[in-house]
Amino acid sequence: MSRNNILDNQESAEKYFEAVWALKDIKKSPWPGQEGKLSLYDFIVFWHHRAMMLSTPPNNPRRNAAHSGPVFLPWHRYMLLRFENLLGEAIDDPDFNLPYWDWSEESKVLENSKIWTDDYLGQFEGSDWEIRFDQNSFGDSPFPLTTSRELRRYVGTWPEVSVGDKAAIQAVVNSESNYDEIPYDQTSNRFRNLLEGWRGDNRLHNNIHLFVGGHNGTIQNRVFGDMILSTSPNDPTFFLHHCFIDKVWAAWQEKWSESKYVPNNSESDEYLFHRLDDPMHTFFDETVTPRDMLDVSEEYSYDSLSDITQQ
Ligand SMILES: [Cu+2]
């Protein structure tokens with residue numbers, strides 16, 4: 001089974017939505033230790049929040065254990081794999097695969113995409129889809145203080161947020177053979193950061209969060225500057241978007257199969273959590289490193305990579 005384009009495959013869309021509703025259900029999918037309050041879906045949101053709040057190194061708020069550095073791609077690949085497994089368990093389908101949302105196909109008219117209709121992501125806006133905590137609802141507790149809010153989006157309301165088209169993605173994939181470079185942060189000008197979007201035209205990954213806005217972005221105003229909410233996985237859009245980012249990385253890996261992940265563990269402790277053999281941030285009882293995420297061909301494949309690598 002492969003990961004498919006959600007807009008081309010009605011069956012994979014329906015399965016994804018069924019599984020997401022099941023994983024969000026407190027009764028069907030309780031978060032162990034938070035029974036009656038939070039679900040396993042919420043647990044994944046919490047994991048993302050905690051990884052993003054962990055500055056690496058501790059005195060550098062501009063890089064964290066999941067973003068703004070080399071581990072951005074392997075950490076999110078790992079997160080998607082765990083999420084995909086949980087979704088499969090929630091609907092009793094061991095072969096379940098996440099679909100992806102290729103926003104680059106409709107980059108100029110994205111606010112009018114059918115992805116926002118009630119057959120797709122529109123169904124999550126409104127009272128049935130409950131946001132149980134967000135970045136601001138922690139207080140002094142390590143666990144979120146639960147709230148109840150409706151999911152908000154402000155799709156396409158920031159006119160200056162541009163969305164990359166397919167050609168922009170192909171250009172990055174085909175022109176940049178280096179994975180990353182010193183100082184391995186928001187200022188690096190190599191593939192990881194051109195895709196993550198702190199640099200380069202259209203700020204590829206980052207701008208989709210901002211374009212969607214609301215709980216997936218920065219909540220309407222600019223209180224947080226350009227910081228994306230640590231609780232952005234509250235919006236099921238998050239996983240479809242990140243699955244597409246993962247597909248672009250997979251295409252890049254196929255195109256530049258000789259290129260290496262950097263840094264490796266001979267480099268400074270300053271890059272802890274980001275080096276090839278560093279254990280990544282997790283709440284699961286396992287040790288997973290970026291190296292473990294470089295070849296995941298036994299876990300899943302994409303329906304196509306050539307649409308990304310063609311010139
Ligand atoms: Cu993230």
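The values are calculated or read from the model by the stated rules, or taken from the named source; none is laboratory data. Keep in mind that what you see is a predicted model, and the values were worked out from it rather than measured. Glycine also receives a Cβ, built like all others from the backbone with ideal geometry; neighbour counts cover every protein chain displayed.
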So P61 ticks every box in (1) surrounded by fewer than 21 Cβ atoms within 10 Å (Cβ to Cβ); (2) over 25 Å from D292 (Cα atoms); (3) more than 16 Å from the ligand (Cβ to nearest atom) but one. Which box is left unticked?
(3)
Unique residue being in contact (Cβ under 8 Å) with a residue 24 or more places away in the chain and not charged (D, E, K, R) when the list is S55, S107:
S107
For the range 152-264, please list each of the helices (runs of 4 or more DSSP H) lying entirely inside it that holds at least 2 residues being within 16 Å of the ligand (Cβ to nearest atom) and out of contact with any His (no Cβ under 8 Å at 6 or more places or on another chain).
191-196, 204-212, 237-255
Any hit, the range 32-53, residues being basic (K, R) and under 15 Å from R192 (Cα atoms):
no
For the range 49-56, does any single residue satisfy the condition of being within 16 Å of the ligand (Cβ to nearest atom) and either of a type in the set (F, W, Y) or under 15 Å from I131 (Cα atoms) (or both)?
yes
Only unsatisfied item for G69, checking (1) of a type in the set (G, A, S); (2) more than 16 Å from the ligand (Cβ to nearest atom); (3) closer than 30 Å to L272 by Cα, is (2)
Contact list, first residue from the range 164-190 and at positive phi, second anywhere and part of a helix (DSSP H, G or I) and not basic (K, R), beta-carbon distance below 8 Å, six or more apart or interchain, is Y184/Y271
Any residue in the range 16-40 that is closer than 16 Å to L87 by Cβ and at pLDDT 95 or above sitting within a Cβ distance under 8 Å of a residue that is part of a helix (DSSP H, G or I) and among the hydroxyl-bearing types (S, T, Y)? List the pairs, counting only those 6 or more apart or interchain.
V20/Y41; L23/Y41; K24/Y41; S29/Y41
Within the range 287-303, is even one residue surrounded by 15 or more Cβ atoms within 10 Å (Cβ to Cβ), aromatic (F, W, Y), part of a helix (DSSP H, G or I) and on the phi < 0 side of the Ramachandran plot?
no
Based on what the data block shows, is L23 in contact with a helix residue (DSSP H, G or I) (Cβ under 6 Å, 6 or more places away or on another chain) and assigned to a helix (DSSP H, G or I)?
yes
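Just the residues that are assigned to a loop (DSSP other than H, G, I, E, B) and more than 21 Å from the chain's Cα centre (by Cα), please, taken from the range 142-151. Steps first, please.
The initial filter retains those residues of the range 142-151 that are assigned to a loop (DSSP other than H, G, I, E, B), namely 142-148.
P142, F143, L145, T146, T147, S148 - these are the residues of the range 142-151 that are assigned to a loop (DSSP other than H, G, I, E, B) and more than 21 Å from the chain's Cα centre (by Cα).
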